[in-house]
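The values are calculated or read from the model by the stated rules, or taken from the named source; none is laboratory data. Since this is a predicted model, take the numbers as computed values, not measurements. Backbone-built Cβ (ideal geometry, glycine too); neighbour counts: all protein chains shown.
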C-alpha cells in the first residue's frame, strides 16, 4: 500500500513564513528597548512609521508607539527616541507571526499587558510589574450618596449615605426609606422587607450596615452585616403559612426589628458614579398591634431581597 506524501503547499507555506522572518531580522537593526514603565524588549527594528516602531523578537511582532519609549540601546550606544525617522523596510506580513502585541499610551500601565510581554520576552523582565498602577481618583473620595432607581416606580423616598474606609477595605452605610403608597411585593429600603400577597402603607425603614470589600480599592465583591428597624401599616391578609398569624381583614400597625446580611458587587463609572447590585437577607421579628396591644410573631422571619443602588462619589 503506497504511503501518502505530505502536502507540498503546506511545506512551502511554512518555509516561506520562516524565511520571511529570517529575512526581516537579517536586514533589521538589533536593539534593546526600554519603555516608560521600565519594561524591556529585545529584538530587531523592522520598520518605523511617524509614531510607531515595529520590533521583531523571534516569532513575535511588537508595534510600539514612540511616546511610550524611554530609551533605546543598540549594544554600543544609546539611541535618542527623537532621532528615529520613518524607515522603508520589507513589507511586513502580519500572518507570519504567532503574536502581534500593540503597546500604546492606553495600555502601557496595564498589568495584563505586562504579563503578556513577560511571557514573550523571557528573562528580560521580572515576574512582577516594576511599576505602580496609575493613580485612582476614586480613592480620594470618602463619601457617596445613593438612591434606588425603584423609587421612580413606587414614588418613594430612599436615601443612603456611606463613608468609605479604603485602608480597612470597609464602608459604613446609613439608609432611610419612606413611602405613603400601597406596595405589593417589592423592596422597602435597606432592610428590604418583602411581604408577598400583602398591601403595605406608610412604610418607614431605618437601617445601618458595615461592608467589607475583598479588593483594596472599594470595588468588586463585598459582604456586609447590619441592623434594621421598620414600621408600616398592612392592609388585607398576610399569608398565614408565612407569618403564622390568624387571618386579619382590617388595618394593623406593624414593625420589624432585626439584623441583615448582604453580598454584592460595587463598581464605579466615570470616577464619580457608584453602582451596587446586591442580595440582602433580613432576619428578625415582626410585631403587629391589635386592640391597643402589641403581639409578636412566634417565629423568626427570613426576608430575602434583590437591590440595586446608584449614587455619586464626593
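If only residues of the range 160-191 that are crowded, with 17+ Cβ neighbours inside 10 Å, assigned to a strand (DSSP E or B) and more than 23 Å from the chain's Cα centre (by Cα) are counted, the one that is modelled with the lowest pLDDT is 183.
When restricted to residues that are at pLDDT 90 or above and surrounded by fewer than 11 Cβ atoms within 10 Å (Cβ to Cβ), the range 279-314 contains 1. Which one is modelled with the highest pLDDT among residues in the range 120-139 that are surrounded by fewer than 11 Cβ atoms within 10 Å (Cβ to Cβ) and in a helix (DSSP H, G or I)? This residue is 123.
The lone criterion from (1) modelled with pLDDT under 80; (2) exposed (fewer than 15 other Cβ atoms within 10 Å of the Cβ); (3) part of a loop (DSSP other than H, G, I, E, B) left unmet by residue 105 is number (1). Is it fair to say residue 270 is free of Cβ contacts under 8 Å to residues at least 60 places away in the same chain, more than 22 Å from residue 172 (Cβ to Cβ) and under 26 Å from the mean Cα position of the chain (by Cα)? The answer is yes for residue 270. Against the test of being surrounded by 15 or more Cβ atoms within 10 Å (Cβ to Cβ) and at pLDDT below 85, the options 33, 22, 84 yield a single qualifying residue, 84. Note on the range 40-51: among residues that are surrounded by fewer than 18 Cβ atoms within 10 Å (Cβ to Cβ) and under 33 Å from the mean Cα position of the chain (by Cα), the one that is nearest to residue 119 (Cα to Cα) is 40.
Select from the range 246-270 the residues that are surrounded by 12 or more Cβ atoms within 10 Å (Cβ to Cβ), assigned to a loop (DSSP other than H, G, I, E, B) and either out of contact with any strand residue (DSSP E or B) (no Cβ under 7 Å at 6 or more places or on another chain) or at pLDDT 90 or above (or both) and list them in ascending order. Once the filter is applied, which keeps residues that are surrounded by 12 or more Cβ atoms within 10 Å (Cβ to Cβ), assigned to a loop (DSSP other than H, G, I, E, B) and either out of contact with any strand residue (DSSP E or B) (no Cβ under 7 Å at 6 or more places or on another chain) or at pLDDT 90 or above (or both), the range 246-270 yields only 248. Just checking, does the range 208-227 include any residue being closer than 15 Å to residue 156 by Cβ and at pLDDT below 95? No, every residue in the range 208-227 fails to be closer than 15 Å to residue 156 by Cβ and at pLDDT below 95.
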